[in-house]
Amino acid sequence: MKTSRLASAALLAYGILILAFLYLPLVSVGLASVSKARYLSFPIRKYNTDWYGEALASDTVQNLLWISLKVAGIVTVSSMVVGFLGALAFARYSWRFRKPFQKLILLPIFFPQTVLGLALLMWINALGIVPSWKTAIIAHLVWIAPIATLIVSIRAFSFDPALEEAARDMGATQWQVLREVTIPLLMPGVVSAGLFAFLLSWGNFPLSLFTTGADSTLPEWLFAKMISGYSPLVPTVGMLTVAGSAALVALGLILAWALKRLRPTT
Amino acid sequence: MSDASPILRISALTKTFDDFTALHGVDLDVAEGEFLAIVGPSGSGKTTLIRLLVGMDDPTDGAIWLRDQRIDVIPANKRPTCMVFQSLALFPHRTVGQNIEFPLKLRGVKPAVRKERALELLDLLRLPRDYYSKRIQQCSGGEKQRVALARALAFDPEILFFDEPLSALDYRLRKTLEKELKDLHRRTGKTFIYITHSLEEAMVMSDRIAIMRAGRFEQIAPAEEIYARPVSPFVAEFMGEVNFLSLSAGTVAGAELSPAAQAALAGQSGTLVIRPESLRLAPQSADLILSGTVAAEYLLGSRVQYRIDSPAGELTVEVLREDAVAGVGAPVSLGCDISAVHAIAEAEDAAA
């Protein structure tokens, strides 16, 4: 089918509009982060990068980065492990309660995060635990581990059970089957589950708000500063958060590329 | 084959799933170096049987012996047998070489020795040696078959099992690989047990055919014997096109019998089995003579097949092209010699 010149021009304009809608806000935060002004205002009169130096030197920002990184890092690793094992239970092995498990594991994803956060806070209080970044890890996991399980399951569903049986038939022990066949074949799924887990935890606001207690993550601090006591550091820290996500996505892409180079699967 | 010392002996093997019995206490002896094909329609229990033999499932009852060792009680990874899977189950994250070496790697064989063996097996399967470092994804369907075979042979099993490995290939490639497999069996001298739903495949390759139906062996015999003397109408039909005539107390409804045929069939009741190629059109003399009209005519290359409506029922006749006489609607007489007729007695028939 041939598209007329008018149609293709309209398509192009539409595409640009969508991209502008998605990315202009982000670009403006980026511009604000290099503004010399003390208040968020447009157009920007003078540019400098002083706020970045100040942000990186600030104890508060360093602490925020460290807490967010700790939470996201531990959530990532835990999600990869839970996602791997969960996917085996979800997609590979038939057992008595598989059907209910498949449904129940997905339930937390459907709860509004604010409700989930509130519910978890009530439990944390009831158990007499003082909320901190450690309890936030648990809260993040309740929501993110099911997503990781789903991502690994997609991979697990697409692999032929005969591969494991063949390995066993050729003399592999259960552990050798896991090491030689199951883990390498599920690895791409586990890596992408880890990527998602990090991004979802790193940017999470509602669950952190309810469960970090006195500690604060980057998104929480950004929100707090916006509603009371705006600091010119806000857009700067915002851009640092985006940079963290972007770095990880880049790392993921490089890793995927390297895996493909080393051993193309499917 | 009641060999003095079979390599494999299955006795009263039973498998029940919940309320469904997939195998009803089957017995089987397989001789060393034999090529046995197990043939049956889907749901006949052949896949269940092979999964029990390699240890993927546990039998409900019965025993499997490999020479003097009872193997149904030992786990799959400890059994000295190996299977080529229907899906081939080649590891997509490993190269051709790594796939072939896999069983050797599990045994802790040194890399150099492993590679040597893998290259030998590539030679044996007539794959170029530079396939060693190829990806599985780069191999064609036929090459994958050969890699799967090489990997199974690297294991050096006492018995090599096959679970319909050729079923996904196109006709010509399948024909080539059938011959190669037969040739490989001869060269390696190993015992092959091959599961298939295709009788044609079984006939080309195997020494003996075991026909399965509803969780039991219907008949176990060399191909020619199953073809000529099927024990039941099921086996007869499974072995290709066939005509059934009803035999009661030595007489066949709608047919004239010669004195010789009358003597041979005297007092018998059951079903007569006549292959389409045994019937002749307008015979000079025959032991069994039928008549009817031609209902349809099909050209099969060098042969012609007719469907004939007769008082004895619908008959199928296959003759050489030069013997073709009648056209559709023409009345014909047809007949065959008593030696081409096989009678299945009523009791056997009922048991089936």
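For region B:150-163, the candidate set comprises residues that are of a type outside the set (A, V, I, L, M) and away from chain A (no Cβ under 12 Å); within that set, the residue that is nearest to residue B:38 (Cα to Cα) is B:162. Within region B:175-222, restricting attention to residues that are among the small types (Gly, Ala, Ser) and more than 17 Å from residue B:28 (Cβ to Cβ), the residue that is surrounded by the fewest Cβ atoms within 10 Å (Cβ to Cβ) is B:189. Residues in region A:223-241 that are modelled with pLDDT of 85 or more and touching a Gly at 6+ places or on another chain (Cβ under 8 Å): A:239, A:241. When A:158, A:153 are checked against the criterion of being away from chain B (no Cβ under 14 Å) and not β-branched (Val, Ile, Thr), a single residue qualifies: A:153. Starting from residues that are of a type outside the set (S, T, N, Q) and outside any helix (DSSP H, G or I), keep the ones in region A:198-219 and report whichever is farthest from residue A:129 (Cα to Cα). This residue is A:203.
Residues in region B:118-138 that are assigned to a helix (DSSP H, G or I) and either closer than 15 Å to residue B:95 by Cα or in contact with an Asp or Glu (Cβ under 6 Å, 6 or more places away or on another chain) (or both): B:118, B:119, B:121, B:122, B:129, B:130, B:131, B:132, B:133, B:136, B:137, B:138. Selection of region B:52-83 for residues being at the interface with chain A (Cβ under 9 Å from one of its Cβ atoms) and aliphatic (A, V, I, L, M) yields B:54, B:56, B:76, B:83.
Filtering region A:201-236 to residues that are within 23 Å of residue A:249 (Cβ to Cβ), touching a Pro at 6+ places or on another chain (Cβ under 7 Å) and crowded, with 20+ Cβ neighbours inside 10 Å leaves A:204, A:208.
If you go through region A:170-182 and keep only what is facing chain B (nearest Cβ under 10 Å) and farther than 15 Å from residue B:107 by Cα, you end up with just A:181. Scanning region B:248-274 for residues that are in contact with a helix residue (DSSP H, G or I) (Cβ under 6 Å, 6 or more places away or on another chain) and at negative phi turns up B:260, B:261, B:264, B:269, B:271, B:273. Looking at the structure I just gave you, is residue B:24 modelled with pLDDT under 95, closer than 19 Å to residue B:218 by Cα and of a type outside the set (Asp, Glu)? Against the criterion (modelled with pLDDT under 95, closer than 19 Å to residue B:218 by Cα and of a type outside the set (Asp, Glu)), residue B:24 qualifies. Annotation: residue B:114 fulfils all but one of (1) within 21 Å of the chain's Cα centre (by Cα); (2) surrounded by 15 or more Cβ atoms within 10 Å (Cβ to Cβ); (3) more than 13 Å from chain A (Cβ to nearest Cβ); the unmet one is (1). For residue B:186, indicate whether it is free of Cβ contacts under 8 Å to residues at least 12 places away in the same chain, more than 13 Å from chain A (Cβ to nearest Cβ), more than 24 Å from residue B:55 (Cβ to Cβ) and among the basic types (Lys, Arg). Answer is yes for this residue.
The values are calculated or read from the model by the stated rules, or taken from the named source; none is laboratory data. Computed from a prediction, not measured in an experiment: that's the story for all the values here. Ideal geometry is used to build each Cβ from the backbone, glycine not excepted, and the neighbour counts take in all protein chains shown.
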